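**Student:** This is the structure I want to talk about, given as structure tokens.
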Amino acid sequence: MERILVIGGARALGAAVARRAAKDGYEVVVGARDLAAADVLAGEIGATAVRVDLQDESTIAAAAERLRDGIDHIVTTGSAPHDVRATELDRDELLAAFTAKVVGPMLVAKHFAPVLRPTGSMVLFSGVVGWRPGPGSLVKGVTNGAVEYVARHLAADLAPVRVNAVSPGVVDSGAWDRLGEKKAALLSKSADGTFVERHGEADDVVDAVMWLLRAGFVSGETIHVEGGARHKST
């Protein structure tokens, strides 16, 4: 049985990946900053939980030590949004955003490289805003865009372990529930901005992740799961 660590696996898309991986017969380890939440999900799906905080390298090192008997795949969905204009940037929040998307996954590679099996893989998470600049999305856009290069260069550095990225569009993953009644309008606008005339569902992204785990001849790539939104003029 292959073992997969899902970082950010206690909520939203990370939890959806963890649930599908468990259903597909993987040995799942749910990694999250909130260990209590990870424990709850792990109990539901027959997985184990480990604390992984991408802002704290010591937790990454400790998780790698705990899983030192070997791991096949790592999926990291962590993020720390800082959605402000350039004049409103906060240095600490800016660094946290880069750590979650760029620095953190590189430190995961640092500590897990010795325990990743050579036939295994890493899947990073980017996002469509990296290719669709707009006011207020400076930090999210740059960090998401950088993930493409992290995947490409880590693929060379960790070979033969494969490294790829998934770049979702607007997806109804639960992350937008905080908008309340405004959520429907956001999803409708997103649907209008795609070729397929619908917004994304969590399963769309999970399908891409699970395919990449098995795609043994794909490495260094970013898979865009956004209905063609990058190519449609606004």
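The values are calculated or read from the model by the stated rules, or taken from the named source; none is laboratory data. Because the structure is a prediction, the values reported are computed rather than measured. Heads up, the Cβs are rebuilt from the backbone with ideal geometry, glycines too, and the neighbour counts pull from every protein chain shown. Heads up: the accessible areas ignore ligands, DNA and RNA and are worked out on the full protein's heavy atoms, side chains in. Shrake-Rupley method; radii C 1.70, N 1.55, O 1.52, S 1.80 Å.
**Student:** How many residues, within region 196-226, are part of a loop (DSSP other than H, G, I, E, B), at pLDDT 90 or above and out of contact with any Lys or Arg (no Cβ under 6 Å at 6 or more places or on another chain)?
**Tutor:** Residues that pass the stated criteria total 8.
**Student:** If Ala100 satisfies all but one of (1) under 17 Å from the mean Cα position of the chain (by Cα); (2) part of a helix (DSSP H, G or I); (3) surrounded by fewer than 23 Cβ atoms within 10 Å (Cβ to Cβ); (4) in contact (Cβ under 8 Å) with a residue 40 or more places away in the chain, what's the number of the condition it fails?
**Tutor:** Going through (1) under 17 Å from the mean Cα position of the chain (by Cα); (2) part of a helix (DSSP H, G or I); (3) surrounded by fewer than 23 Cβ atoms within 10 Å (Cβ to Cβ); (4) in contact (Cβ under 8 Å) with a residue 40 or more places away in the chain one by one, Ala100 breaks only (3).
**Student:** Then there's this: If you go through region 78-93 one residue at a time, how many are open to solvent by 50 Å² or more (accessible area, probe 1.4 Å) and either more than 20 Å from Leu154 (Cβ to Cβ) or in contact with a Pro (Cβ under 7 Å, 6 or more places away or on another chain) (or both)?
**Tutor:** Residues meeting the conditions: 11.
**Student:** Another question about this same structure. Pick from Arg91, Arg66: which is free of Cβ contacts under 8 Å to residues at least 12 places away in the same chain and either more than 30 Å from Asp192 (Cβ to Cβ) or among the β-branched types (Val, Ile, Thr) (or both)?
**Tutor:** Within the list Arg91, Arg66, the selection yields Arg91.
**Student:** Here's a follow-up. Can you confirm whether Val142 is aliphatic (A, V, I, L, M), surrounded by fewer than 20 Cβ atoms within 10 Å (Cβ to Cβ) and either more than 15 Å from the chain's Cα centre (by Cα) or modelled with pLDDT under 95 (or both)? If you could, list the steps in order and put the result at the bottom.
**Tutor:** Values: aliphatic (A, V, I, L, M): yes; surrounded by fewer than 20 Cβ atoms within 10 Å (Cβ to Cβ): yes; either more than 15 Å from the chain's Cα centre (by Cα) or modelled with pLDDT under 95 (or both): yes.
The answer is yes for Val142.
**Student:** Which one is most open to solvent (accessible area, probe 1.4 Å), of the residues in region 110-139 that are in contact with a Pro (Cβ under 8 Å, 6 or more places away or on another chain) and in a helix (DSSP H, G or I)?
**Tutor:** Val128
**Student:** Taking region 157-186 only, how many residues are out of contact with any strand residue (DSSP E or B) (no Cβ under 6 Å at 6 or more places or on another chain) and either in a helix (DSSP H, G or I) or loosely packed, with under 14 Cβ neighbours inside 10 Å (or both)?
**Tutor:** Here the count works out to 14.
**Student:** Suppose we filter Gly70, Gly78 for residues that are at pLDDT below 95 and under 28 Å from Val161 (Cβ atoms); which single one remains?
**Tutor:** Matching residue, one of Gly70, Gly78: Gly78.
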